[in-house]
Amino acid sequence: MKYTIPILFALSLFLGKGSDCFWDKWAPLRYQKTLERAPEFYVLEWKEGASLSPKTSDMYIEVDTLGNQEILVLSDKRDNPVLYTSEIVTPVCADGECKMMNIQLYWTLLGEYAGFDRYPELPLTKHDHDEFGKEDYLKLHDLLKDDKSILGRRSINQLVEKPTMRTVNGVDALSGATIAEVKESVVSGALYSCYTAWHLVHGKIDKKLKKHTLGILNETMLMDMLYSKNPDYQLFALEKLNVSQYEDHYLQIATIFKTGIPLVRSIIAKELPSKFKSSPELEKPFWDAFGVIDLGSRSLLLKHLEDAPQFAVLTVSDKLSALSKNQLKRFLEYISQQDLTPEVQSNMEAFANSDNETYGYLVQEFLSNHN
């Protein structure tokens, strides 16, 4: 019995090359249909009406025992790549038992995890052949989203406690429980399947995929990334934009600045003086967001006051309540050598005279000395 599974794997490899009928018992048909809906488990936004067609590539993902499996490029109606995908068929062996894992994996254009599709007729299984339930698939999805998981830093042997002997189909086999440190993040009874899937998603393939994208990158793809809600796409696009593109798409960049994550905001804030040097009026929507962005991003904007248009001082003077004590001191220091406009003076006085402003006294002292 212990030789049955290896023999079947070898036979599937041999016959699979010339017999689709045999191979189909082990794996779903190779991906040939157009993808017209989002994968069941997905991290990106799906555009309404999208239709993605599979195209071959020269890329493969290495899968234990069954060798290399093809990576396909899913392109939209404009023939621009949107996703990478591969139908994964691989054995998962644990405690003397081997089971086939069938799963359709998807990656972003940057080689990061995008999602997966399951096959109802070929469900993932746990110990004792229990099938994954919906909650198990959701947990696997959450695990695969975590590219910093402990699974990437430990070998499979380091993730199980000291094994004990048990009998499987009449054969002695070692069995070990999942360690507590990882137990909550993996599907109960499916450590080996989770470990295999995570390393397929986050292994060496990510660099290959990103390299492929860089080799075919065009402006349409870049703009799709810029207008995406995915922070990694936004960051990638922002780093590739030239001055002219920054100016042409300043409203979208301003929207990202207002609603994006702090890391993306910081990149934009640092670029403002250089990107809008010849068109400073385009900075207005960025300064208008001053009151709603995070503390760190406000500090970065304040560092650029000397290079900012004059309206920036007026905007900040109307948002003094959003400033920390140190930020307020920096702002007052900057305007101390300037003649205040009536609008700025009025905003400062309103803040200084308010009973609700903790640091109003700082502005009062400033106005007394400045006047």
Y119 and L138 label points (each 7 Å along its Cα→Cβ direction) are spaced in nm at 2.6
A chain fully extended from Y227 to Y334 at 0.36 nm per residue, minus the present Cα-Cα distance, gains in nm 35.0 nm
Computed ³J(HN,Hα) along region 71-86: with the Karplus parameters 6.51/-1.76/1.60, θ = phi - 60°, integer Hz and x for glycine or proline, the list is 9, 9, 9, 9, 10, 7, 5, 8, 6, 9, x, 10, 9, 10, 8, 8
With x for Gly and Pro, the residue-by-residue ³J(HN,Hα) of region 336-353, computed from phi through the Karplus equation 6.51 cos²θ - 1.76 cosθ + 1.60 at θ = phi - 60° and given in whole Hz, is 5, 9, 10, 8, 7, 6, x, 5, 5, 4, 5, 5, 5, 5, 5, 5, 5, 8
Per-residue accessible area, 1.4 Å probe, largest first, puts C194, C93 in the order C93, C194
So the FRET efficiency between S278 and T341, C-beta based with R0 = 35 Å and rounded to 0.05, is 0.90
Rounded to two decimals, the Debye log10 I(q)/I(0) of region 265-352 (Cα scatterers, no solvent) at q = 0.22, 0.24, 0.26 Å⁻¹ is -1.13, -1.34, -1.54
Once the in-chain neighbours fewer than 8 apart are removed, the aspartates and glutamates whose Cα is under 14 Å from K229 read E45
Between D288 and S57, the two model label points (7 Å from Cα along the beta-carbon direction) sit apart by a distance in nm of 4.0
Going through K55/K208; K33/K99; K275/K303; K210/K277; K139/K204; K270/K325 one by one, the pairs whose alpha carbons sit over 25 Å apart turn out to be K33/K99; K210/K277
On the formula 1/(1 + (r/R0)^6), with r taken between the Cβ atoms of S244 and F311 and R0 of 22 Å, the FRET efficiency rounded to 0.05 is 0.40
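The values are calculated or read from the model by the stated rules, or taken from the named source; none is laboratory data. This one's a predicted model, so the numbers in the text were calculated from it and none came from an experiment. Methodologically, a virtual Cβ is constructed for each residue, glycine included, from the backbone with ideal geometry; neighbour enumeration extends over all protein chains shown. When the accessible area is computed, the model is the full protein with side chains, heavy atoms only, and any ligands, DNA or RNA have been set aside. Shrake-Rupley method; radii C 1.70, N 1.55, O 1.52, S 1.80 Å.
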